[in-house]
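Trainee: Got a structure for you, written out below as structure tokens; questions coming shortly.
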Amino acid sequence: MIAVHQLSKTFNPEDGAVLDGLSFELPAGETLAVIGPSGCGKTTLLYILAGLSAASAGKVNIGGRRGRGHTAFILQDFGLFPWKTAAQNIALALELKGANAASRHKVAETLLTELGLEGLGQRYPVQLSGGQKQRVAIARALATEPDLILMDEPFSSLDALTREHLQNTMVDMWQRKGLGYIIVTHSVEEAVFLGRRIAVLTDRPTRVKALIDNPSFGTADLRFKNCFFDRIREVRRVMEG
């Protein structure tokens, strides 16, 4: 369970609040897509949820604990270390926790297989495509067995086909592992495909304009169904209203 209550953030009092009284709840294992105007503070919200930035006011409660809980962060630019192989990047958090080499190798190989990266574990990031790099970033996040994954426009720099493949990967991970995530996106289509709930934010000072339920999330062949396009139109109407 994630509970955000009256969350506010101000960097410079002269510029006013970035986030102003945001409140929402997300049950454990659910998915939330966050969409809103450019510069409205979506990334700031993720940093606060990750415990990387302090709120100016309000409360964040994740998993019954005030603060971060056990979360993983996936960035737009992949965030891979160029001097480490794909397998080493995946196992990095386990290494920092003191896991032995055998267990790190086992986890890395399992995740490489799950994410369609068999045989690529010894390649360096420069030898991987953009989609492969982002799969490695997803695998690295999963290696720590988080309760929640936070994603900041993770697919925005990828071509359309690769982007859809990775969107499918996230839905598949949710279906198989019940792993909740929050994704920030500028794409209405991506928000509808990846969010069981969709939070539409206002411009600054940023508030939750609407929290839209998306019951067709996870449906097979969703992109070809009328309910997908109906929900896209609904989100667009809210954003433009």
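The values are calculated or read from the model by the stated rules, or taken from the named source; none is laboratory data. What you see is a predicted model, and the numbers here were worked out from it, not measured in a lab. Cβ placement follows ideal geometry from the backbone for every residue including glycine, while neighbour counts extend to all protein chains displayed.
Trainee: For the subset of segment 150-165 comprising residues that are out of contact with any Ser or Thr (no Cβ under 7 Å at 6 or more places or on another chain) and buried (at least 22 other Cβ atoms within 10 Å of the Cβ), which member is modelled with the highest pLDDT?
Mentor: My answer is Met151.
Trainee: Restricting to segment 44-66, and then to whatever is polar (S, T, N, Q) and in contact with a Lys or Arg (Cβ under 6 Å, 6 or more places away or on another chain), can you tell me which residue is farthest from Lys177 (Cα to Cα)?
Mentor: Top of the filtered list is Ser56.
Trainee: Something else now. In segment 80-104, what residues are of a type outside the set (D, E, K, R) and surrounded by fewer than 17 Cβ atoms within 10 Å (Cβ to Cβ)?
Mentor: Answer for segment 80-104, where residues must be of a type outside the set (D, E, K, R) and surrounded by fewer than 17 Cβ atoms within 10 Å (Cβ to Cβ): Phe81, Pro82, Trp83, Leu96, Gly98, Ala99, Asn100, Ala101, Ala102, Ser103.
Trainee: What's the number of the condition Ala139 fails, among (1) of a type in the set (Gly, Ala, Ser); (2) farther than 30 Å from Ala86 by Cβ; (3) in the same structural domain as Ser103 (by TED's automatic domain parsing)?
Mentor: Among (1) of a type in the set (Gly, Ala, Ser); (2) farther than 30 Å from Ala86 by Cβ; (3) in the same structural domain as Ser103 (by TED's automatic domain parsing), the lone unmet condition for Ala139 is (2).
Trainee: While we're looking at this one, here's another question. Looking for whichever is among the charged types (D, E, K, R) and without any contact (Cβ under 8 Å) to a residue 12 or more places away in the chain here; the options are Asp172, Asp147. Which one fits?
Mentor: Matching residue, one of Asp172, Asp147: Asp172.
Trainee: Now a separate question. Confirm whether Glu109 is outside any helix (DSSP H, G or I), farther than 28 Å from Ser187 by Cα, acidic (Asp, Glu) and at pLDDT 90 or above.
Mentor: no
Trainee: Another question about this same structure. For segment 175-186, how many residues meet the condition of being of a type outside the set (A, V, I, L, M, F, W, C), outside any helix (DSSP H, G or I) and either buried (at least 20 other Cβ atoms within 10 Å of the Cβ) or free of Cβ contacts under 8 Å to residues at least 40 places away in the same chain (or both)?
Mentor: 3
Trainee: Please state which of the following conditions Ala141 fails to meet, knowing it meets all the rest: (1) surrounded by 20 or more Cβ atoms within 10 Å (Cβ to Cβ); (2) of a type outside the set (S, T, N, Q); (3) without any contact (Cβ under 8 Å) to a residue 40 or more places away in the chain.
Mentor: (3)
Trainee: Got at least one residue in segment 188-208 being free of Cβ contacts under 8 Å to residues at least 40 places away in the same chain, within 14 Å of Glu164 (Cα to Cα) and either aliphatic (A, V, I, L, M) or surrounded by 22 or more Cβ atoms within 10 Å (Cβ to Cβ) (or both)?
Mentor: yes
Trainee: Scan (1) out of contact with any helix residue (DSSP H, G or I) (no Cβ under 7 Å at 6 or more places or on another chain); (2) surrounded by 17 or more Cβ atoms within 10 Å (Cβ to Cβ); (3) under 17 Å from Ser129 (Cα atoms) for the single condition Leu49 breaks and write down its number.
Mentor: (3)
Trainee: If you don't mind, there's one more thing I want to ask. When segment 203-224 is examined, which residues are found to be outside any strand (DSSP E or B) and in contact with a Cys (Cβ under 7 Å, 6 or more places away or on another chain)?
Mentor: Asp203, Arg204, Ser216
Trainee: If only one of Gly16, Gly41, Gly116 is touching a residue at least 12 places away in the same chain (Cβ under 8 Å) and more than 22 Å from Tyr181 (Cβ to Cβ), which one is it?
Mentor: Criteria check complete, one pass: Gly16.
Trainee: Out of the residues in segment 7-44 that are crowded, with 20+ Cβ neighbours inside 10 Å and within 26 Å of Asp172 (Cβ to Cβ), state the one that is farthest from the chain's Cα centre (by Cα).
Mentor: The selected residue is Leu26.
Trainee: Right, another one. Can you list the strands (runs of 3 or more DSSP E) lying wholly within segment 1-101 that have 3 or more residues being within 27 Å of Glu240 (Cα to Cα) and either modelled with pLDDT under 85 or in the same structural domain as Lys177 (by TED's automatic domain parsing) (or both)?
Mentor: It comes to 2-9, 19-26, 31-35.
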